[in-house]
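Each remark here refers to the structure printed beneath this line.
Please treat every number below as a calculation from the coordinates, not as lab data. These numbers were taken from a predicted model, which means no experiment stands behind them. A quick note on method: Cβ atoms are made from the backbone with ideal geometry, for glycine too, and the neighbour counts reach across all protein chains shown.
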Amino acid sequence: HVCGAKNPETKNLAVREWICAKCKSTHDRDRNAAINIWKVGASTFFGEI
């Protein structure tokens, strides 16, 4: 999260996208997962990024 706010509704994995009630930033679970997977792969190949 951009602001660090917690939202218990987002623990439900069926919720794929949401907007933070505090800072109004948009979050996409699948996009975030892709970024995390890319970071692991890139750090494995190139070293820590």
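So which residues in region 1-16 are in a loop (DSSP other than H, G, I, E, B), more than 17 Å from A34 (Cα to Cα) and either touching a helix residue (DSSP H, G or I) at 6+ places or on another chain (Cβ under 7 Å) or touching a residue at least 12 places away in the same chain (Cβ under 8 Å) (or both), if there are any at all?
Of everything in region 1-16, those that are in a loop (DSSP other than H, G, I, E, B), more than 17 Å from A34 (Cα to Cα) and either touching a helix residue (DSSP H, G or I) at 6+ places or on another chain (Cβ under 7 Å) or touching a residue at least 12 places away in the same chain (Cβ under 8 Å) (or both) turn out to be V2, C3, A5, N7.
Could you tell me how many of the residues in region 18-39 are part of a helix (DSSP H, G or I), among the polar types (S, T, N, Q) and surrounded by 12 or more Cβ atoms within 10 Å (Cβ to Cβ)?
0
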